[in-house]
Every structure is written in C-alpha cells, then in structure tokens.
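Shown next, in structure tokens, is the structure this report addresses.
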C-alpha cells in the first residue's frame, strides 16, 4: 500500500508518543518508525548574517516528516543556487515527535468481502509528524540584506510542499542566535587538523632544563636471599628467584 494523502493526517490528534524501550510499563508504542527529516540546521553558522525570516503558521495542524524533508531539500537547493552554500542558515524549529497510526485494510481482488473491523481502532505505527499550533514558528532563515527580496520569493514556494497557511516575518538578526557564534565549520576544522599533522613536532622541554628529556638509567636488580647479587647491569636469574620464593613459603 502506497503513501496516503496528507489530508488523512492533517487534523491534530491526541498524542500517545511515549517511547521507553528499557522500561516496558512506560513504553506506550512499539516499532516506532525513524525520522525521515535528515537535518534540522543547515548552512554557514560561522558568518554573522543581518536579516532573518521567520515562517509563522496560521493554522493548527500536523505535517508529516517526509513533507518537511521535501521542503528542506527545495530550500537548500534554491538558496545554494542564489547565494552559495555558505550564504545562508536554515533552522527547522520543530521536531516530528508525534507518531502516526493507521488501520490498514486489505486491497486488491476480493477486498470488498474483507471485514472492516471496529470503527475507531488504535492502528499500527506508520510514520511521524510535527504538531504545529496557530502562531507557532515552523522555520527561520538568515541571509544577507542584499538578497532578501529573492529569498522571500523562495520561501513562498514552500506552500506547495507543506500545504500550510503561513505568514513571513522579517527582522534584523542581532543576537547571533542562528549564526555568528560558532568559530569553526566542519571544512575549516579538517583543514586545521591537516595543517597540525603536517607541522614538525617540537621536543617537549624537560622540567628545570631545555631540549630532549634525559634517558633514565637502567635499574639494577635487587639481590636474591641466599644467592649472589647479579652483576652490574644484569638481571637476576629466573630459576634462583623461583627457588628462593619456594623456600620462603615452606618456612
């Protein structure tokens, strides 16, 4: 059976989403499907952008994680073509915690003679979705002021992916919540590690002196009871040590 239409899951439902695999009595659901949304923060978080766009919902509804992923891919592609991969930051504000359930029925030849079951069954877990309320923020995008008009047009195109009535609020990005705080990107960190590996390793200074640490002198072995002391720089024979230990135990 294929993916059902979004209208089947748009209405906000009461959530039974408590998942506790290690505590069976607190685990309300079993076999919860994974989240299809791959990433929730994208772009260059090291650069300090000055313009922020917030997408505000005008209706309480549910949006499936596959719709959020489709919206994310479209935004990333359009913004990368417009300002480059380091010219924006996208932050999805909500996480698909809600688990969707479906009462699966038979399909195909002879399916009309199959019993439909009870009216309101609990159903089986089929997917996940976010629950967004009226006036709640779905996502935020920060860019430079020079491209803000084109970015606004790109944001308007997400209505074909999430089918949610929304408004776009524009404001100055002053507090560096979304970008400007991080010091390193992943690429810059890799370059720094490679430079550190290529640089020559300096000798560690010795306490109270300079240069390489002094090599410790070999420690002479202690004389065995009842035997002769070993020669200087040589260890005691193993056989004599074993015999001395046996005699000590017998006493």
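The values are calculated or read from the model by the stated rules, or taken from the named source; none is laboratory data. As the structure is a computational prediction, the values presented were derived from the model and not from experiment. FYI the Cβ positions are ideal-geometry reconstructions off the backbone, even for glycines, and counts take in every protein chain you see.
Some notes on this structure:
Residue-by-condition table, conditions (1) modelled with pLDDT of 70 or more; (2) farther than 21 Å from residue 163 by Cα; (3) surrounded by 19 or more Cβ atoms within 10 Å (Cβ to Cβ):
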site: 88; (1), (2), (3): yes, yes, yes
site: 92; (1), (2), (3): yes, no, yes
site: 97; (1), (2), (3): yes, no, no
site: 106; (1), (2), (3): no, yes, no
site: 123; (1), (2), (3): yes, yes, no
site: 126; (1), (2), (3): yes, no, no
site: 134; (1), (2), (3): yes, no, no
site: 138; (1), (2), (3): yes, no, yes
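- Total residues in the stretch 131-159, condition assigned to a strand (DSSP E or B) and closer than 14 Å to residue 72 by Cα: 4
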